[in-house]
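Participant: Just passing along the structure, written as structure tokens.
The values are calculated or read from the model by the stated rules, or taken from the named source; none is laboratory data. Note that the coordinates shown come from a computational prediction; the quantities given were computed from them, not determined experimentally. Cβ: placed from backbone, ideal geometry, glycine included. Neighbour counts: every protein chain shown. Note: accessible area is taken over every heavy atom of the protein model, side chains too, but ligands, DNA and RNA are not part of it. Shrake-Rupley method; radii C 1.70, N 1.55, O 1.52, S 1.80 Å.
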Amino acid sequence: MKLIVAVVQDQDSNRLSKALMDHNFRTTKLATTGGFLRSGNTTFLIGTEDIRVEKALGIIKENCRARDQLVSPMSPMGGNVDSYVPKPVEVEVGGATVFVLPVDQFLHF
Ligand code: 2BA
């Protein structure tokens, strides 16, 4: 058994949730925050048999897309400084960041 941990953008989370459910995957959604942008994203926990991992990854890939997001860099002094007008820079936020972990034990009481 494997645990798939997938960090996705909030905009894709409902569609992904529905697609996974339509294919009988069990999921848990966590409201999370990206360390870099400090904005909300969604983390899915998906426990599944080894033979279904590729299917789950395919569904994640199909339902999540990369988007460009503008970020205002902090001043070199840290925080906001009146004379410092930061120029926003664009970063591409990926469709999904996925980790596949082995599961030692799965208990369901
Ligand atoms: P954030 O940490 O908010 O990062 C959002 C996007 O900002 C990243 O997209 C990347 O394009 C950019 N970025 C992140 N750190 C950067 C840095 N030090 N310098 C320049 N640009 C940087 P993604 O790579 O697609 O990541 C999307 C979200 O997935 C991340 O949101 C974070 O919540 C999660 N994530 C990505 N890699 C991770 C990892 N190795 N471990 C845990 N979570 C991760």
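Participant: Any idea of the accessible area per residue across the stretch 1-42, 1.4 Å probe, to the nearest Å²? Before the final figure, lay out each step's value.
Facilitator: Details: 2580 Å² over 42 residues.
On a per-residue basis, 61 Å².
Participant: Another question, then. On a 0 to 90 degree scale, rounded to 10, what angle separates helix 10-22 from the longest Cα axis of the chain?
Facilitator: The answer is roughly 10 degrees.
Participant: Tally up the carbon and sulfur contribution to the accessible surface of the chain as a whole percent, 1.4 Å probe, everything protein left in place. Present the calculation step by step, with values, prior to reporting the outcome.
Facilitator: Values: 4240 of 7800 Å².
Carbon and sulfur atoms account for 54 percent of the accessible area of the chain.
Participant: Here's another thing I want to ask about it. If I stretch the segment between V91 and V103 completely, what's the gain in nm (0.36 nm per residue apart, minus their alpha carbon distance), one decimal? Intermediate results must be reported in sequence, preceding the final value.
Facilitator: Numbers: separation 12, 0.36 × 12 = 4.32 nm, distance 3.36 nm.
Additional length available on full extension: 1.0 nm.
Participant: Where does the chain land at 222 nm, in deg cm²/dmol rounded to the nearest 500, when only DSSP H runs of n ≥ 4 count, each adding -39500 (n - 2.57), divided by all residues? Numbers along the way, then the final one.
Facilitator: Values: 2 runs with 24 residues, N = 109.
Computed mean residue ellipticity for the chain: -7000 deg cm²/dmol.
Participant: Nearest 10 degrees, 0 to 90: what angle lies between the long axis of helix 53-63 and the longest principal axis of the chain (Cα atoms)?
Facilitator: 40 degrees
Participant: Right, another one. Using a 10 angstrom cutoff on alpha carbons, build the Gaussian network for the chain and name the most mobile of K29, K55, K87.
Facilitator: Of the options given, K87 has the highest mean-square fluctuation.
Participant: Once amide H atoms are placed 1.01 Å from N in the peptide plane, what residues at a sequence separation of 5 or more from N41, or on another chain, have their amide H within under 5 Å of its amide H?
Facilitator: Correct list: T32, T33, G34.
Participant: Using 7 Å Cα-to-Cβ label points, what is the V53/D22 separation (nm, one decimal)?
Facilitator: Computed distance between label sites V53 and D22 equals 2.5 nm.
Participant: Let me ask you something else. When N counts the residues of the stretch 14-76, how does its alpha-carbon radius of gyration compare numerically with 2.2 N^0.38 Å, as a ratio?
Facilitator: Working: Rg = 14.9 Å, N = 63, 2.2 N^0.38 = 10.6 Å.
So the Cα radius of gyration is 1.40 times the expected 2.2 N^0.38 Å.
Participant: Separate question: On the principal axes of its Cα set, how long, how wide and how thick is the chain? Give whole Å, largest value first.
Facilitator: 58, 26, 19
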